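The values are calculated or read from the model by the stated rules, or taken from the named source; none is laboratory data. Since this is a predicted model, take the numbers as computed values, not measurements. Neighbour counts are summed over all protein chains in view; Cβ atoms, including those assigned to glycine, are modelled from backbone coordinates with ideal geometry.
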Amino acid sequence: MRHILTLFILILSSCSMNNNSNIDNIKKVLYTQQDCWNNGDIDRFMQGYWNSEKLIFATDKGETTFGWKNTLNRYKSSYPTKESMGELKFEIYDVKLTSKKTSVVNGKWEIIRSKDLSQLTNKITDQIKEEGILFTIILNDENDNNQREKFKSYLDSSRYFSNIKFIDKEISYKELQEDMGENLSSVLDINPLPDSYDAHVKAEFLDTTGLKKIEDFIENYKGEGVVQSIFYQRNMVERIKKKTKLINPQGNFWLELEKFENKWLIVKDSTTSF
């Protein structure tokens, strides 16, 4: 009985060692790809994929490429130069063996472009933060000065704004006519422009969450219908993030690998970006 138990333990130990060896070899495929990419060598990078027409490369944009050659061409089209390839970093979250010859891997990928491009993005972002995002708060015409002053005090009570300025519609109308070089009063019976407040947002609130809080803060004012509408560069922060992602793209990957003789290769690559 003792010999049987010893044999069973040896078998389990052997399986565990074999599994660990396979997992190490699978990770080696990705880290070898990473090194090849960072050396600007897409051809060697592609050696980690199954060289077959049955290879699948899919993205979260609904784009699917079939075949090793087509996937190679896709990479070379998207990354024509070593500079555009940047520095690739893989972070492997999990490796699971689904059989003796198949496995699934998931993790994160990131490409860091040249420092010059990153510095340019940071400069643009810092400039926008310095200038701030402007909330234009359109006021109802029915409001009197007392109501507007109460609303101004409400805005001042917050910690969201660096500067709040009242924009008088009569002054705005006059400036508009001067800019256009026309006397609009002869055409329009009334001044179509509203009174408003321009409020510059502090840098620490220049994200989606912060801007939403400010919008709610203004809309939750309990005055006598002082606010008619709110305008601000609602999508500016997201556009900055998107531009940054174009320079330093990143996302997740889900890979399926198969073992061919003694070599693990990627047979399906599903990737997302964020």
Write out, first by first residue and then by second, each pair whose Cβ atoms fall under 8 Å of each other, whose residues are 6+ apart or on separate chains, and whose first residue, in the stretch 39-52, is within 18 Å of Pro80 (Cα to Cα) while the second is basic (Lys, Arg). Gly40/Lys82; Ile42/Lys76
Only one of (1) at pLDDT below 95; (2) within 30 Å of Lys28 (Cβ to Cβ); (3) touching an Asp or Glu at 6+ places or on another chain (Cβ under 7 Å) does not apply to Ser84, and that is (3)
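Can you tell me which residue in the stretch 223-257 is farthest from the chain's Cα centre (by Cα), limited to those that are part of a loop (DSSP other than H, G, I, E, B) and at pLDDT below 75? Quick ask: steps written out before the conclusion?
Keep residues of the stretch 223-257 that are part of a loop (DSSP other than H, G, I, E, B), which gives 223-226, 232-235, 248-249.
Checking the rest, the ones that are also at pLDDT below 75 come to 223-224, 233-235.
Working: Gly223: 38, Glu224: 40, Gln233: 18, Arg234: 16, Asn235: 13 Å.
Among those that are part of a loop (DSSP other than H, G, I, E, B) and at pLDDT below 75, it is Glu224.
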Assess whether Lys28 counts as being under 26 Å from Asn262 (Cα atoms), assigned to a helix (DSSP H, G or I) and modelled with pLDDT of 95 or more. yes
If I ask for residues that are part of a loop (DSSP other than H, G, I, E, B) and either outside the structural domain of Trp37 (by TED's automatic domain parsing) or surrounded by fewer than 15 Cβ atoms within 10 Å (Cβ to Cβ) (or both), which ones from the stretch 59-82 would you list? Asp60, Lys61, Gly62, Glu63, Pro80, Thr81
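Look at Met1 and say whether it is modelled with pLDDT under 95 and touching a Phe, Trp or Tyr at 6+ places or on another chain (Cβ under 7 Å).
Numbers: modelled with pLDDT under 95: yes; touching a Phe, Trp or Tyr at 6+ places or on another chain (Cβ under 7 Å): no.
Considered against the rule, which asks whether it is modelled with pLDDT under 95 and touching a Phe, Trp or Tyr at 6+ places or on another chain (Cβ under 7 Å), Met1 comes out as no.
Somewhere in the stretch 199-208, is a residue more than 30 Å from Glu149 (Cβ to Cβ), part of a helix (DSSP H, G or I) and either at pLDDT below 85 or under 22 Å from the mean Cα position of the chain (by Cα) (or both)? Even if it seems obvious, please write down each step before you answer.
First pass over the stretch 199-208, keeping only residues more than 30 Å from Glu149 (Cβ to Cβ): 207-208.
Subset that is part of a helix (DSSP H, G or I): 208.
Filter once more, keeping what is either at pLDDT below 85 or under 22 Å from the mean Cα position of the chain (by Cα) (or both): 208.
Among the residues of the stretch 199-208, at least one is more than 30 Å from Glu149 (Cβ to Cβ), part of a helix (DSSP H, G or I) and either at pLDDT below 85 or under 22 Å from the mean Cα position of the chain (by Cα) (or both), which makes the answer yes.
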